[in-house]
Amino acid sequence: EAQVTQNPRYLITVTGKKLTVTCSQNMNHEYMSWYRQDPGLGLRQIYYSMNVEVTDKGDVPEGYKVSRKEKRNFPLILESPSPNQTSLYFCASHRGANTGELFFGEGSRLTVL
Amino acid sequence: AQKVTQAQTEISVVEKEDVTLDCVYETRDTTYYLFWYKQPPSGELVFLIRRNSFDEQNEISGRYSWNFQKSTSSFNFTITASQVVDSAVYFCALEDRGSTLGRLYFGRGTQLTVWP
């Protein structure tokens, strides 16, 4: 079954405590990206990756890092989380631009106290 | 610049009513793709439809239908005979050919509540 898997699904943490949200896809997709969803703002892209070792900033990259060491994995790293990073995060994978739908993970709800 | 506007923040209807969710987009590209996603209360994003900018035919899938009009840059979504299970947030999104990123530009979403 085609899947994008994110972990953890829910997390409450405190300001400054580094955390990583993992994302893995089993469709051999080249493109992966991270979005955050905030009330009234829709989904906004944080970072994207076009292939292994190729990553770049999206619309709201501040406070985040990513890495793409393997094709299937695209973790999102919050080095020093702050309360304004409390949000619902989605990982997505895509076969390529203009080739079809994005496959989304189930979302990770992060609360930073 | 790419932009998607969903002017309706919230809509409430009673079961069996028809409801239309509006989506207006902006792009300079002539080739682009439009999407609708559904987000039920459980939070996941469910793909509903993808439409190529060259295909202006309306599409119907069961109780769902989509009206794509390039002349008004709109891609509206109608649910016929709504049901309580249709209650969700619905997002319209745009991917243009100029994007090599597989990036979708999302509207802010419309919260649809269907009352029994």
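One line per residue, one yes/no per condition, for (1) within 9 Å of chain A (Cβ to nearest Cβ); (2) assigned to a loop (DSSP other than H, G, I, E, B); (3) surrounded by fewer than 19 Cβ atoms within 10 Å (Cβ to Cβ):
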{"position": "B:47", "(1), (2), (3)": "yes, no, yes"}
{"position": "B:51", "(1), (2), (3)": "no, no, yes"}
{"position": "B:56", "(1), (2), (3)": "no, yes, yes"}
{"position": "B:66", "(1), (2), (3)": "no, no, no"}
{"position": "B:75", "(1), (2), (3)": "no, no, no"}
{"position": "B:95", "(1), (2), (3)": "yes, no, no"}
{"position": "B:111", "(1), (2), (3)": "no, no, yes"}
{"position": "B:114", "(1), (2), (3)": "no, no, no"}
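Could you tell me whether region B:36-43 includes any residue that is within 14 Å of chain A (Cβ to nearest Cβ), closer than 23 Å to residue A:103 by Cα and without any contact (Cβ under 8 Å) to a residue 12 or more places away in the chain?
Yes: region B:36-43 contains one or more residues that are within 14 Å of chain A (Cβ to nearest Cβ), closer than 23 Å to residue A:103 by Cα and without any contact (Cβ under 8 Å) to a residue 12 or more places away in the chain.
Please work out which residue is modelled with the highest pLDDT, limiting yourself to region A:52-68 and to residues that are within 14 Å of another protein chain (Cβ to nearest Cβ), assigned to a strand (DSSP E or B) and touching a strand residue (DSSP E or B) at 6+ places or on another chain (Cβ under 8 Å).
A:66
Taking the condition within 14 Å of chain A (Cβ to nearest Cβ) and surrounded by 13 or more Cβ atoms within 10 Å (Cβ to Cβ), does residue B:19 pass? Working first, answer last.
On the way: within 14 Å of chain A (Cβ to nearest Cβ): no; surrounded by 13 or more Cβ atoms within 10 Å (Cβ to Cβ): yes.
No.
On the basis of being more than 13 Å from chain A (Cβ to nearest Cβ), touching a strand residue (DSSP E or B) at 6+ places or on another chain (Cβ under 7 Å), farther than 20 Å from residue A:43 by Cβ and not aromatic (Phe, Trp, Tyr), does residue B:83 make the cut?
Spelling it out, residue B:83 is indeed more than 13 Å from chain A (Cβ to nearest Cβ), touching a strand residue (DSSP E or B) at 6+ places or on another chain (Cβ under 7 Å), farther than 20 Å from residue A:43 by Cβ and not aromatic (Phe, Trp, Tyr).
Could you tell me whether region A:76-99 includes any residue that is in a loop (DSSP other than H, G, I, E, B), more than 15 Å from the chain's Cα centre (by Cα), closer than 29 Å to residue B:48 by Cβ and without any contact (Cβ under 8 Å) to a residue 40 or more places away in the chain?
The answer is yes; a qualifying residue exists.
The values are calculated or read from the model by the stated rules, or taken from the named source; none is laboratory data. What you are looking at is a predicted structure, and each value in this text was computed from that prediction instead of being measured. So basically every Cβ, Gly included, is an ideal-geometry build from the backbone, and we count neighbours across all protein chains shown.
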